Amino acid sequence: MIRALFNKKGGVGKSSLTVNLAAISAQRGLKTLVLDLDTQCNASRYLGKENAEKDSSVFELFDQTITFHLRKKPAIEYCQPTDYENLHMIPGSAQLGDIESELSSRHKIYKLKEALEQLNEDYDRIYIDTPPALNFFSLSALIGVDTVLIPVDCDDFAIQGLKSLQQQIAEITEDHNEKLKIEGIIANQYMANAKLPSRIVDELISEGYPVIPHYISQSVKMRESHQEQKPLIHLAPGHKLTKSIIAVHDEIEAD
Ligand SMILES: Nc1ncnc2c1ncn2[C@@H]1O[C@H](COP(=O)(O)OP(=O)(O)OP(=O)(O)O)[C@@H](O)[C@H]1O
Ligand SMILES: [Mg+2]
């Protein structure tokens with residue numbers, strides 16, 4: 001099962017939720033992989049893997065499709081263990097952007113799908129963190145995954161962006177990946193006592209978006225977890241924020 005967390009809007013919680021959902025999955029005993037496709041490498045930093053060498057990051061996985069390598073490494077050789085049992089990662093790379101236009105002009109858009117098909121044999125769950133744009137890398141991910149989870153922050157522009165996103169995903173489904181579906185919209189940074197978040201979520205539901213019925217609260221614990229480079233399930237297993245992410249995890253796994 002391969003999931004991407006994607007939203008063209010920045011700062012909505014893609015990296016935070018990728019790492020935390022994956023860590024919960026691993027803790028439950030599922031062999032889980034995190035793939036970081038964002039040149040910001042926030043998910044990699046979160047898991048203590050921000051300084052990966054080019055040849056052990058996602059950079060070379062793509063680069064070997066456009067430059068000569070004596071031996072093409074299978075995708076599994078890029079997977080590194082983390083500090084947590086059952087949780088592996090392919091670290092991101094700040095240099096990934098340097099090869100984007102060449103990858104694109106040489107039509108390498110299905111290469112990640114091929115790699116994911118191999119990795120799917122070794123992992124029970126794969127979670128992909130994506131950049132905040134529909135570029136070559138996020139498109140490659142959407143072509144190769146089973147489902148997409150869309151985190152939204154509960155502010156006024158959340159809905160605007162979702163309409164065009166939904167249309168773009170529908171087009172990718174039609175043209176490239178017929179199994180692709182939007183598994184859920186994840187309401188993040190939800191403040192139960194504020195009016196705006198509940199109005200936004202109600203509006204999303206009334207417009208028919210598949211909003212996951214557990215909302216993720218806003219808490220400074222998230223930033224602390226990033227700073228400590230420790231997923232919430234390990235840093236603060238009983239915290240309200242952690243429990244809300246567990247609820248989302250269990251909801252998508254129950255399907
Ligand atoms: N539930 C939450 N409560 C408090 N802070 C949060 C929460 N979720 C995310 N944040 C904070 O919001 C910021 C953005 O989160 P994150 O990096 O996960 O978003 P993103 O969508 O991956 O951003 P980008 O588009 O830049 O990749 C981070 O500083 C993170 O700590
Ligand atoms: Mg991010």
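The values are calculated or read from the model by the stated rules, or taken from the named source; none is laboratory data. All values derive from a computational prediction rather than experimental measurement. Every residue, glycine as well, gets a Cβ built from its backbone with ideal geometry; the counts of neighbours run over all protein chains shown. Ligands, DNA and RNA are stripped out before the accessible areas are found, and what is left, the full protein with its side chains, is counted by its heavy atoms. Shrake-Rupley method; radii C 1.70, N 1.55, O 1.52, S 1.80 Å.
For the range 184-194, the criterion of being part of a strand (DSSP E or B), crowded, with 16+ Cβ neighbours inside 10 Å, modelled with pLDDT of 95 or more and of a type outside the set (A, V, I, L, M, F, W, C) is satisfied by at least one residue.
Yes or no, residue by residue, for (1) hydroxyl-bearing (S, T, Y); (2) open to solvent by 10 Å² or more (accessible area, probe 1.4 Å):
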site: A4; (1), (2): no, no
site: K9; (1), (2): no, yes
site: T18; (1), (2): yes, no
site: K31; (1), (2): no, yes
site: L35; (1), (2): no, no
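Counting the residues of the range 199-224 that are open to solvent by less than 40 Å² (accessible area, probe 1.4 Å) and touching a residue at least 24 places away in the same chain (Cβ under 8 Å) gives 9.
Among residues of the range 147-159 that are more than 14 Å from ligand 2 (Cβ to nearest atom) and among the small types (G, A, S), those with a Cβ under 8 angstrom from a residue that is open to solvent by less than 10 Å² (accessible area, probe 1.4 Å) and part of a strand (DSSP E or B), sequence gap 6+ or separate chain, pair up as A158/V152. Considering the range 59-100, the residues that are hydroxyl-bearing (S, T, Y) and out of contact with any Phe, Trp or Tyr (no Cβ under 8 Å at 6 or more places or on another chain) include one that is least open to solvent (accessible area, probe 1.4 Å), namely Y78. With respect to E251, is the statement that it is open to solvent by 30 Å² or more (accessible area, probe 1.4 Å), of a type outside the set (K, R), assigned to a helix (DSSP H, G or I) and touching a Pro at 6+ places or on another chain (Cβ under 9 Å) true? Yes: the conditions hold for E251. Kindly evaluate Q40 against the criterion of being surrounded by fewer than 19 Cβ atoms within 10 Å (Cβ to Cβ), polar (S, T, N, Q) and within 15 Å of ligand 1 (Cβ to nearest atom). So Q40 passes the test.
So that you can scan it fast, the table gives a plain yes or no per residue for (1) of a type in the set (D, E, K, R); (2) under 19 Å from the mean Cα position of the chain (by Cα):
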{"residue": "T32", "(1), (2)": "no, yes"}
{"residue": "C41", "(1), (2)": "no, yes"}
{"residue": "R45", "(1), (2)": "yes, yes"}
{"residue": "K49", "(1), (2)": "yes, yes"}
{"residue": "L61", "(1), (2)": "no, yes"}
{"residue": "T67", "(1), (2)": "no, no"}
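Can you tell me how many residues within the range 188-221 are in contact with a helix residue (DSSP H, G or I) (Cβ under 6 Å, 6 or more places away or on another chain) and within 16 Å of ligand 2 (Cβ to nearest atom)? The total comes to 1. The set of residues in the range 206-248 being among the hydrophobic types (A, V, I, L, M, F, W, C) and outside any helix (DSSP H, G or I) consists of V211, I212, I216, V220, A236.
Filtered by the rule that a residue be among the polar types (S, T, N, Q), more than 15 Å from ligand 1 (Cβ to nearest atom) and farther than 25 Å from S140 by Cα, the range 177-211 gives S198, S206.
Scanning the range 141-182 for residues that are open to solvent by 40 Å² or more (accessible area, probe 1.4 Å), in a loop (DSSP other than H, G, I, E, B) and at pLDDT below 95 returns D155, D156, F157.
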